[in-house]
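Notes follow the structure.
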Amino acid sequence: MRALVRGGGPALLWRTALAAALVCGIGLLPWLSRTDPALTVLKARSAEQDPTPEALAAVRAELGLEEGPLPLLARWLVGLTRGDAGRSWISGTDVLPSVAEALGVSLLLMAGALAVAAATAAAVCARTLRLGARRRLGERTAGGSATAVLAALPEFLIAAVLASVIGVRWGWLPALGWYGPQWMVLPSLALGLPAGALLGRMLDDLLPGAFAAPWARAAVGRGIPPRSVAWLALRGCVPGLLPNLGLFVVGLTGGSVAVEQIFDIPGLGRLTLRAALAQDLPVLQTGTLSLVLLAAAAGALARSSARLLLGPALRDGALVSPTAPRRPRHVRSPCCTGRCSPPSSSSACPATRSPCTPEPASRPRLQPTPSAPTRSAGTSWPASRTAPSRPSAPPSR
């Protein structure tokens, strides 16, 4: 309700419409691709069974495919409002329990990936935190090439290397399955290393600006421990990083599809992928809707955390801009008023790129002349001065 009052209603309606369009498009996918869903379902159920017309007709009658895609989609939406997502076309089991179980596995894997990403980001920016807290950022050397390479690697490539080298060749950790905490290490590393490297690189670029703030210099001058200064600088930079963290969580939901398939993890990504290959529409629609809702919840949680960390400053508009304010256009530079020293026709104004001209000389002010002394009543002229005499009349002839 608060989002609707503040103007977030149109954005919420737009996202809801996009999610509904995506789910409806998935429901129409077999007919849009001009493939027979009965044939795909029959092959997924039993690869040895011949697709005879009688077998295909039995599958169409069982699933209600003869009615067309729109009645199937409407029936699924009506059942979803009652908490019933239908039954799987392949196994015949209820969709919601299997999707909920797979979602729990994916959430656990995502938590492990976020822990790895946080540790990687801390390792990337640890040197900047240590130098900035001691006012020694001048010793910070330019680098980050290894971090950039790690951030550019795709998740499925890291997963394949970890599974083949560490899991199969060296045998240090299990590479397939999901039976305990040790089966969680390699998939979490594959998902968390690229995201943590990119987040650490972004945080490492934000920290020098935080340490250059006046409060940081004052804190160091008052003798506050470097650990407290580093923690305050980190707390000031995290709110600007949280929206990007929400995007990374959304990316983890997409990258988990390939990682779960490589490590044979019974998560939501693998369940949705197999449903798409078999054209199991109830499972595919429910899994896709769960992924969309998970991404939306992650983005909303990131924005709420940023508002909570910023506190009343965001509401009152009291945040200091990290960039210098622009010079107003109506204020003229001193160089443009002709005060260049020395003034010459060849010098150019650095602000307007036009030749500087000397300021015209101002007219001298006229000094007021002293008025003639006047005699007041009851006073006499000084002895050194005589009263002004009146001119005498001309002599008569």
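Below are the figures for this structure:
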read-out: Rg/Rh ratio calculated on Cα atoms of the range 255-315 (Kirkwood radius); value: 1.23
read-out: The range 108-140 and the range 41-92: distance between their alpha carbon centers, rounded to Å; value: 51 Å
read-out: Theoretical gain in end-to-end length, A57 to S91 [0.36 nm per residue, Cα-Cα removed]; value: 10.4 nm
read-out: Percent accessible area from carbon and sulfur atoms, the range 84-232, protein chains only, probe 1.4 Å; value: 66 percent
read-out: Hull-based mean projected area of the range 158-252, where the convex hull spans the alpha carbons, in square nanometres; value: 8.3 nm²
read-out: Ordering of 238-250, 34-46 by packing [mean C-beta count within 10 Å, highest first]; value: 238-250, 34-46
read-out: Nearest-20 debye value, the range 18-77 charge dipole, Cβ charges on Lys, Arg, Asp, Glu; value: 260 debye
read-out: Distance (nanometres) between label positions extended 7 Å along Cα→Cβ at A212 and E67; value: 6.6 nm
read-out: Most to least accessible of T141, T52 (protein chains only, probe 1.4 Å); value: T141, T52
read-out: For the range 24-157, average projected area of the Cα convex hull in nm²; value: 13.9 nm²
read-out: Whole-Hz couplings from phi, Karplus 6.51/-1.76/1.60, listed for the range 150-167; x for Gly and Pro; value: 5, 5, 7, 6, x, 5, 5, 5, 4, 5, 5, 5, 5, 5, 7, 8, 6, x
read-out: In the range 42-88, GluC sites (Glu not before Pro) in a DSSP loop with at most 13 other beta-carbon atoms within 10 Å; value: E48
read-out: Packing-based ranking, highest mean first, of 252-258, 133-139 given that Cβ atoms within 10 Å are counted; value: 252-258, 133-139
read-out: Accessible-area order (highest first, 1.4 angstrom probe) of the listed residues R140, R235; value: R235, R140
read-out: Probe 1.4 Å, accessible area per residue of the range 155-257, Å²; value: 51 Å²
read-out: Karplus 3J(HN,Hα) series, Hz, for the range 289-295 with 6.51 cos²θ - 1.76 cosθ + 1.60 (x for Gly, Pro); value: 4, 5, 5, 5, 5, 5, 5
read-out: Karplus-derived 3J(HN,Hα), 6.51/-1.76/1.60, for each residue of the range 168-180, Hz, glycine and proline x; value: 9, 6, 8, x, 6, 9, x, 9, 10, x, 8, 10, x
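The values are calculated or read from the model by the stated rules, or taken from the named source; none is laboratory data. Given the structure is predicted, the values throughout are model-derived calculations rather than measurements. In this analysis, Cβ positions are derived from the backbone assuming ideal geometry, glycine residues included, and neighbour counts consider all displayed protein chains. Only protein heavy atoms, including side chains, enter the accessible area calculation; ligands, DNA and RNA are left aside. Shrake-Rupley method; radii C 1.70, N 1.55, O 1.52, S 1.80 Å.
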